[in-house]
2 protein chains.
Amino acid sequence: MEPNKTRHIALIGLGTIGMSMAAVHLQDPHSILDFFDVRPDLQQQVLAQLPSFLKAVAPDLSIETLISSGRINFHPTLESAVASATIIQEQGPENAAFKKSLWAQVEKFAPNDAHFWSSTSGIPASVQSADMGDNSRLLVVHPFNPPHIMPLLEIVPSPNTKSEEIDFVMNYFHTVSPRHRPVLIKKEVSGFVGNRIAFAVLREASYLVDQGVISVQDLDKLMMASLGPRWAINGVFESYNAGGGDGAFGGFLDKLEGTISDVWSGLGTLDIKESDAAWRDKLVAEVESTYSRPTPAQSSAKAAKLQELLRLQDTR
Amino acid sequence: MEPNKTRHIALIGLGTIGMSMAAVHLQDPHSILDFFDVRPDLQQQVLAQLPSFLKAVAPDLSIETLISSGRINFHPTLESAVASATIIQEQGPENAAFKKSLWAQVEKFAPNDAHFWSSTSGIPASVQSADMGDNSRLLVVHPFNPPHIMPLLEIVPSPNTKSEEIDFVMNYFHTVSPRHRPVLIKKEVSGFVGNRIAFAVLREASYLVDQGVISVQDLDKLMMASLGPRWAINGVFESYNAGGGDGAFGGFLDKLEGTISDVWSGLGTLDIKESDAAWRDKLVAEVESTYSRPTPAQSSAKAAKLQELLRLQDTR
């Protein structure tokens, strides 16, 4: 990827994730952003919300200058937004029919060599590309909240995505946003990898609270006092490899085999869709009595702390 | 608990966890430590290893002064080690028969009001206390590695443990070691809570690597770039409560119900004891080709980074 080339990035859907990704792309001084969203007050929303995202990642940029200099453009139609695009990235509704129809249209209007990215957390590229003539250009770029700060981007190609598309997106983020860590997910599994791990934790945590083993507050305190910090500094396998001493990871498994086996066979199972899921009502009541809705000031303070923590890591 | 009272802490078993806990207790200037371990070279080991633990949590203390001033005492018998103890904490072999026999002896030699703590990661107090005359004084204080730095202490009483014992241990760590976070585990479940969550993650992570969805290296990179930092700053339930917007935690469950349901029903199950566990050989090979054994310098650098991260948190 050429580092000093002007690139048009068309962003389709400018909700929170769209705004956040706009700030990420604007870190590249050669980027030109083309916005399309069906909401009539798009420009007011961008003026109101984008500055706080820019402040966190590109504090020298002014929203007024970005608009007046033509680095941010508002488009009345999808056709004009994507007409000159190098990259088209969508973060529209999480609805397969919407996304299928969107990409079929984008394909008609966009340059033949444009790159197609979806920010979905759950609808794989193989589903989204079903109505396209050429399904080899689309892949998923799934960010984690908050996307402009959290380093992870799950790159999830479909079985039809060309390997050049994977190389391009990996290079793009390495070049444009050194804080981001694109990670390749090689198969389209439900929840990709990050949410599978997070929801496995959510299930066991909910089960233990439901069983009266620990309170919601103490479960959270426990994570912040142990596994969160551990996994911020060392990976899961890296930790256990070190924990195995001379026997490395195999030694760890040998030593803990009995406990691991007991734990695995006793992990809780919960059904979220069961109509009378009593655990769900119980958890919702306890979580909502433990935490109030965070104020904007609390959210900003947490985001600032997260940024400080990420500066410590140097994980690349 | 009286803050300025002289307390004798008898530590039984001075391996890595024992040395680490010794450094924790020595933060209290009024503590007197009584060591007992069957190894013949105990004093040399303490002289060689304790200073590095002290350096991290109580850098002003000198091992020579601690010994010459009588704050650290080496005992030839269990009987003399526990005779004056306020607290007796064991970190001996993870073997139920050993621990049962140990506590039955300790009970004979220790003062009637001494507090009995086990650092076990897996043998509950109700099992360990089976041969005691009074099983109401023993509880588990399970630290996380490295114990002198990692804040979590899982406090796991048996159904017979007196509530005064729980209050005492909570107060003790709040007073003596502000860096530590004792968390109450209300039932004796396998793996307690921290390792249940960690092993749920290990199972899904191993499953995804075995299925070819992600590499060992990328799984670790993903955790360090997303869930580790998230859970270092926000708890599991706190994060999803904030993520639910106006609907709070209930709103989050409603919005993600479909994906959570798909993920929960598809989480991997692995058998660690199956004699021909092919996944286990595959994982051990990939982990051990990804990571070499950490050098002491690498381990120290990671521990220093972990301490920096914990200073950022202010989770109490």
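The values are calculated or read from the model by the stated rules, or taken from the named source; none is laboratory data. Quick caveat, the model's predicted, so the values are computed rather than measured. Because the Cβ atoms are built from the backbone with ideal geometry, glycine has one as well, and the counts that use them run over all protein chains shown.
Looking at region A:271-287, which of the residues that are of a type in the set (Gly, Ala, Ser) and assigned to a helix (DSSP H, G or I) is farthest from the other protein chains (Cβ to nearest Cβ)?
My answer is A:ALA278.
Inspect all residues belonging to region B:228-244 and state whether any of them is more than 7 Å from chain A (Cβ to nearest Cβ), within 29 Å of A:THR295 (Cα to Cα) and more than 28 Å from the chain's Cα centre (by Cα).
Yes, some residue in region B:228-244 is more than 7 Å from chain A (Cβ to nearest Cβ), within 29 Å of A:THR295 (Cα to Cα) and more than 28 Å from the chain's Cα centre (by Cα).
Would you mention how many residues in region B:291-302 are more than 7 Å from chain A (Cβ to nearest Cβ) and surrounded by 18 or more Cβ atoms within 10 Å (Cβ to Cβ)?
The total comes to 0.
Name the helices (runs of 4 or more DSSP H) wholly inside region A:34-102 in which the number of residues that are small (Gly, Ala, Ser) and in the same structural domain as A:VAL141 (by TED's automatic domain parsing) is 2 or more.
A:42-57, A:78-82
Applying the selection to region B:103-114, what residues are outside any loop (DSSP other than H, G, I, E, B), out of contact with any Leu (no Cβ under 8 Å at 6 or more places or on another chain) and buried (at least 16 other Cβ atoms within 10 Å of the Cβ)?
B:GLU107
Quick check on my filter: what residues within region A:254-267 are among the hydrophobic types (A, V, I, L, M, F, W, C) and more than 32 Å from the chain's Cα centre (by Cα)?
Passing the criteria: only A:LEU256.
Taking region B:23-62, which residues are charged (D, E, K, R) and within 22 Å of the chain's Cα centre (by Cα)?
B:ASP28, B:ASP34, B:ASP37, B:LYS55, listed by residue number.
If B:ASP254 satisfies every condition in (1) out of contact with any Asp or Glu (no Cβ under 8 Å at 6 or more places or on another chain); (2) at the interface with chain A (Cβ under 7 Å from one of its Cβ atoms) but one, which is the exception?
The number of the failed condition is (2).
Tell me, which strands (runs of 3 or more DSSP E) lie completely within region B:115-226 with 1 or more residues that are aliphatic (A, V, I, L, M), within 17 Å of the chain's Cα centre (by Cα) and within 24 Å of A:GLY212 (Cα to Cα)?
Correct list: B:138-143, B:152-157, B:181-184.
Would you point out the residue of region A:125-180, among those that are of a type in the set (Gly, Ala, Ser) and more than 23 Å from A:GLU94 (Cα to Cα), that is surrounded by the most Cβ atoms within 10 Å (Cβ to Cβ)?
Of everything passing the filter in region A:125-180, A:SER177 is surrounded by the most Cβ atoms within 10 Å (Cβ to Cβ).
Can you tell me which residues in region B:257-269 are more than 7 Å from chain A (Cβ to nearest Cβ) and not hydroxyl-bearing (Ser, Thr, Tyr)?
The answer is B:GLY258, B:GLY268.
Looking at region B:181-223, which of its residues are facing another protein chain (nearest Cβ under 7 Å), in contact with a strand residue (DSSP E or B) (Cβ under 8 Å, 6 or more places away or on another chain) and farther than 21 Å from A:GLU286 by Cα?
B:ARG181, B:ILE214, B:ASP218, B:LYS221, B:LEU222
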